[in-house]
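J.: The structure follows.
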Amino acid sequence: MNQPEVIAIIPARGGSKGLPRKNLRSLAGKPLIAYSILAARECSQISRCIVSTEDQEIKQLSLEYGAEVIARPADLATDLALSADVVRHVLETLSGTGHQPEYFVLLQPTSPLRTSRHIQQCLQAFLAS
């Protein structure tokens, strides 16, 4: 049986009112966003790791950690923008290039304790149901 294609989508905007530049802040020696990128890349069930951002510094750091980056429009980088709209933008961008994954996982950069093992267990349970 073929494994379905699953991509990881990591929404990471540059602005934050509560904790400015939070996605770039260091936690135990790594930028916060790095934990989500690494967890996705280490999960054997995820074929692509895509960061959605409008921020050049987040873009560069994401590329350094091995993620792909899709440029997020300014209207999706506000405090009022919904994650669902960001995901839709990523999927529509991929579809425009002729690529449509079967499934995706949304990985918030503010959950650094989530590991590839957690993602794999969730995907196994989901795909088995």
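A short reminder: the numbers here are calculations on the coordinates, not readings from a lab. Being a predicted model, the structure only gives us computed values, none of them experimental. Positions of Cβ are generated from backbone atoms using ideal geometry, with glycine treated the same way; all protein chains shown enter the neighbour counts.
J.: Hydropathy first: keep DSSP H helices in the chain averaging at least 1.0 on Kyte-Doolittle, then drop any whose Cα extent along the axis falls short of 15 Å, and list what survives.
T.: Numbers: long enough: 32-42 (16 Å, 1.08); 83-96 (20 Å, 0.33); 116-128 (18 Å, 0.15).
Span-like helices here: 32-42.
J.: Shape verdict for the stretch 83-129, please, from the Cα gyration tensor: rounded (a/c under 1.5), prolate (a/b greater than b/c) or oblate. Walk me through the numbers on the way to the answer.
T.: Numbers: a/c = 2.72, a/b = 1.47, b/c = 1.85.
Taking the square roots of the gyration eigenvalues as a ≥ b ≥ c, the stretch 83-129 is oblate.
J.: Considering amide H positions built from the backbone, and no H for Pro or chain starts, which residues 5 or more places from Val105, or on another chain, come under 5 Å of its amide H?
T.: Counting only residues 5 or more places away or on other chains, the set is Ile7, Ala8, Ile9.
J.: Roughly how many debye, to the nearest 20, is the charge dipole of the stretch 74-125 about its Cα centre, given +1 on each Lys and Arg Cβ, -1 on each Asp and Glu Cβ, and no other charges?
T.: On the way: 3 positive and 5 negative charges, 67 e Å.
Once rounded to the nearest 20, the dipole reads 320 debye.
J.: How long, wide and thick is the chain, going by the Cα atoms along their three principal axes, in whole angstroms, largest first?
T.: Principal-axis extents of the Cα atoms in the chain, largest first: 45, 36, 25 Å.
J.: Pull out a ≥ b ≥ c, the square roots of the eigenvalues of the alpha-carbon gyration tensor of the stretch 40-89, then state rounded if a/c is under 1.5, prolate if not and a/b is larger than b/c, and oblate in the remaining case.
T.: On the way: a/c = 2.97, a/b = 1.49, b/c = 2.00.
Oblate.
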